[in-house]
Amino acid sequence: MMQAIMKKIFGQTPIPPDLPESEFNSFVEKAITNFEHGGFLEQTKLEPLAEGETDFLATLRAKREQLVIVKYWKHGCLPCLSMAEMYKEAEAKCAAEGLPVYFCSIDVKAKQCLPHVRFENVEGTPTVKAFHRGCQLGDEITSTSLPVFMEEVRKRLPGAAPAEA
């Protein structure tokens with residue numbers, strides 16, 4: 001997955017040879033920013049909870065009967081970018097199957113989201129958590145393939161049979 005996103009970011013932009021480290025870092029940051037804002041973020045966007053805790057709690061109340069999948073991410077995060085398409089595919093798959101799942105996202109670097117991010121103990125990105133009726137269900141979802149991710153989502157659906165120990 002990481003190689004695929006690197007090809008998408010740098011496939012059309014060759015890395016100049018012999019750049020000093022500071023210029024190389026600047027080049028990479030600029031390339032990632034251009035990629036994000038060149039349409040990728042819009043194509044893979046999940047509903048943003050831009051106001052942090054306020055939006056998070058309102059979403060949990062409004063989507064009380066659904067499984068709420070929250071993706072915590074940040075700009076410039078290569079793992080976030082490499083997983084973004086999979087999360088968007090999972091959202092579409094759940095909708096197509098009529099599953100009661102709502103996908104949303106929180107930018108961990110957004111100032112208004114920082115208290116919520118700290119409260120949820122989000123230390124790395126991407127971090128994906130599932131909630132139902134205001135409670136987190138299970139551990140973070142760390143799957144890196146769509147079939148395994150969907151399996152994890154299905155296990156957490158309201159009314160799903162509990163996992164065997």
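The values are calculated or read from the model by the stated rules, or taken from the named source; none is laboratory data. None of these values were measured; they are calculated from a predicted model. Glycine gets a Cβ as well: all are built from the backbone with ideal geometry, and neighbour counts include every protein chain shown.
Being in a loop (DSSP other than H, G, I, E, B) and not charged (D, E, K, R) is the filter; apply it to the range 99-109 and report the residue that is surrounded by the most Cβ atoms within 10 Å (Cβ to Cβ).
Looking at residues that are in a loop (DSSP other than H, G, I, E, B) and not charged (D, E, K, R), I get 108.
Would you check if residue 75 is part of a helix (DSSP H, G or I), in contact with an Asp or Glu (Cβ under 8 Å, 6 or more places away or on another chain) and within 21 Å of residue 49 (Cβ to Cβ)?
Answer is no for this residue.
Do we have any residue at all in the range 87-94 that's under 20 Å from residue 133 (Cβ atoms), hydrophobic (A, V, I, L, M, F, W, C) and modelled with pLDDT of 95 or more?
yes
Give the range 109-151 a look and list any residue that's more than 21 Å from residue 58 (Cβ to Cβ), touching a strand residue (DSSP E or B) at 6+ places or on another chain (Cβ under 8 Å) and charged (D, E, K, R), or say none.
Of everything in the range 109-151, just one residue is more than 21 Å from residue 58 (Cβ to Cβ), touching a strand residue (DSSP E or B) at 6+ places or on another chain (Cβ under 8 Å) and charged (D, E, K, R), namely 140.
Which condition breaks for residue 82 when tested against (1) touching a residue at least 60 places away in the same chain (Cβ under 8 Å); (2) loosely packed, with under 15 Cβ neighbours inside 10 Å; (3) under 19 Å from the mean Cα position of the chain (by Cα)?
For residue 82, the failing item is (2).
I need the helices (runs of 4 or more DSSP H) fully contained in the range 1-72, keeping only those with at least 1 residues that are free of Cβ contacts under 8 Å to residues at least 40 places away in the same chain and under 29 Å from residue 157 (Cβ atoms).
41-44, 53-62
Residues to consider are 67, 41, 46; find the one that is of a type outside the set (Val, Ile, Thr), closer than 17 Å to residue 83 by Cβ and in contact with a strand residue (DSSP E or B) (Cβ under 9 Å, 6 or more places away or on another chain).
46
Can you pull out every residue in the range 110-165 that is in a helix (DSSP H, G or I) and of a type in the set (Val, Ile, Thr)?
Across the range 110-165, the qualifying residues are 117, 148, 153.
Taking the range 18-67 as the search range and keeping residues that are basic (Lys, Arg) and closer than 30 Å to residue 115 by Cβ, which one is surrounded by the most Cβ atoms within 10 Å (Cβ to Cβ)?
Applying the filter and picking the extreme gives 63.
Being of a type in the set (Asp, Glu) and touching a strand residue (DSSP E or B) at 6+ places or on another chain (Cβ under 6 Å) narrows it down to one of 36, 91, so name that one.
Unique residue meeting the criteria: 91.
For residue 116, are the conditions met, namely being in contact with a Pro (Cβ under 8 Å, 6 or more places away or on another chain) and of a type outside the set (Val, Ile, Thr)?
No; evaluated as a whole, the condition is false for this residue.
Considering only the range 25-47, I want to know if a residue exists there that is out of contact with any Phe, Trp or Tyr (no Cβ under 8 Å at 6 or more places or on another chain) and more than 27 Å from residue 127 (Cα to Cα).
No: the range 25-47 contains no residue that is out of contact with any Phe, Trp or Tyr (no Cβ under 8 Å at 6 or more places or on another chain) and more than 27 Å from residue 127 (Cα to Cα).
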